[in-house]
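Asks: Encoded as structure tokens, here's the structure I'll be asking about.
Here, each number is a calculation from the coordinates, and none is a lab measurement. Note that the structure is predicted; figures quoted are calculated from it, not measured. Here Cβ is always computed from backbone atoms with ideal geometry, including for glycine, and neighbour counts include all displayed protein chains.
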Amino acid sequence: MAATPIAVITGASSGIGAATARTLAAAGFRVVLTARRKDRIEALAAEITEAGHQATAYALDVTDRAAVDEFATAFRSLAVLVNNAGGALGADPVATGDPADWRQMYETNVIGTLNVTQALLPALTASGDGTIVILSSTAALSAYEGGGGYVAAKHGEHVLAETLRLEIVGTPVRVIEVAPGMVRTEEFATTRFRGDTEKAAKVYAGVDAPLTAEDVADTIGWAVTRPSHVNIDLLVVRPRAQASNTKVHRTV
Ligand SMILES: NC(=O)c1ccc[n+]([C@@H]2O[C@H](COP(=O)([O-])OP(=O)(O)OC[C@H]3O[C@@H](n4cnc5c(N)ncnc54)[C@H](OP(=O)(O)O)[C@@H]3O)[C@@H](O)[C@H]2O)c1
């Protein structure tokens, strides 16, 4: 009997990562949930196991290269890596943005993705049929005012995906970039505005049905389960009410 394929998901303690873990587990993967908050990924792994699927949890900070390398020693063969850990800090204009925020966003979104991808690439290749998903954003494709450091970091992730795809062509690993527009998750905007829930709520104010974490997980699940020779290079997904990063229909 063939072994159950394994999928590693970073940032699985909330939002899109947690929803993706549920989706891939239901699709037949043994999911390995990682994030810094151990209690949350352990609770989610228990929930997924309860539902009759396979899940384990491993506390991991993607910016800690030594810890990432240690984590990677557990895998000789890996089917799927979803690089989802990341996010935004602040919405200041370039003129006044805090370099520390820019640095942290680059560390988490770009270097975090680089760390985990480098560490797990041998196992993905050894599987004979590996898939790397990179969760960038529509911020990876065009700028918006106040986006500054986040736009720069997500453009970095986009370039990482494009370059890696060029470099590993001919190996049995594909690189899929998923770039969502506005997604209402429980923590993304609250983290961006450092706990200011009023400011966070304004991001979604009057928008008829922003995407949900489940919508994005659904697109990831679809892309990952295409036949091996099909590579969804870049999948842009937005709510109907959002035509671009700056053109959002609001009823208020
Ligand atoms: N929401 C949106 O509108 C939207 C749109 C486009 C793209 N995205 C991207 O989609 C991804 C998920 O976003 P989301 O909306 O689901 O946000 P979220 O709910 O804030 O989730 C972010 C996840 O990243 C993890 N994380 C952050 N720093 C980490 C680190 N150093 N090491 C390991 N894990 C870390 C967090 O877990 P811990 O804190 O437990 O470590 C959390 O699980 C992000 O890359 C985000 O940039 C979001």
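Asks: Quick check on the exposure proxy: order Ile168, Ile220, Ile9 from fewest to most C-beta atoms within 10 angstrom.
Replies: Ile168, Ile220, Ile9
Asks: Counting other C-beta atoms within 10 Å, which of Arg22, Arg36 has the fewest, and how do the rest follow?
Replies: Arg36, Arg22
Asks: Right, here's the next one. Estimate the FRET efficiency between Glu107 and Met1 by the formula 1/(1 + (r/R0)^6), using the beta-carbon distance for r and 41 Å for R0, to the nearest 0.05.
Replies: Using R0 = 41 Å, I get an efficiency of 0.50.
Asks: Tell me, what is the FRET efficiency for Leu235 and Arg36 to the nearest 0.05, using R0 = 35 angstrom and their Cβ-Cβ distance as r?
Replies: That gives a FRET efficiency of 0.80.
Asks: Here is a follow-up. Quick check: pseudo-label points 7 Å beyond the Cα along Cα→Cβ at Ala143 and Ala26, how many nm apart are they?
Replies: 4.0
Asks: Just the C-alpha atoms of the chain: what Rg/Rh do they give, with Rh taken as the Kirkwood radius?
Replies: Answer for the chain: 0.95.
Asks: If each residue of separation counts as 0.36 nm, what is the full-extension length gain between Thr56 and Glu167 once their alpha-carbon separation is subtracted?
Replies: Gain in length upon complete extension: 36.8 nm.
Asks: Got a sec? How would Thr49, Thr131, Thr163, Thr96 order by Cβ neighbour count within 10 Å, fewest to most?
Replies: The fewest-first ordering by Cβ neighbours comes to Thr96, Thr163, Thr49, Thr131.
Asks: Would you list which aspartates and glutamates come within 19 Å of Lys38, measuring only between C-alpha atoms, while excluding same-chain residues fewer than 8 positions from it?
Replies: Glu47, Glu50, Asp61, Asp64, Asp69, Glu70, Glu186, Glu187
Asks: Next up: Roughly how many Å is it from the Cα centre of region 142-186 to that of region 34-89, as a whole number?
Replies: Distance between centres, Cα-based: 20 Å.
Asks: I would also like to ask the following. Extension gain Arg226-Thr197, at 0.36 nm per residue separation less the Cα-Cα distance, in nm?
Replies: Result for the pair: 6.6 nm of gain on full extension.
Asks: Would you work out the relative contact order for region 6-248, in percent, from Cα pairs under 8 angstrom that are 6 or more residues apart?
Replies: 20
Asks: Within region 6-248, what percent of beta bridges assigned by DSSP are antiparallel, to the nearest 5?
Replies: 5
Asks: What 222 nm value per residue comes from the helices of the chain, counting each DSSP H run with n ≥ 4 as -39,500 (n - 2.57) and dividing by all residues, nearest 500 deg cm²/dmol?
Replies: Taken over the chain, the calculation gives -12000 deg cm²/dmol.
Asks: DSSP loop (so not H, G, I, E, B), at most 16 other Cβ within 10 Å: list which trypsin sites (Lys or Arg not before Pro) in region 159-252 pass both filters.
Replies: Hits after loop and neighbour filter: Arg194, Arg240, Lys247.
Asks: Straight distance only, please: which lysines reach the Cα of Lys247 with their own Cα at less than 18 Å, same-chain residues fewer than 8 apart left out?
Replies: Once the sequence-local lysines are set aside, what remains near Lys247 is Lys202.
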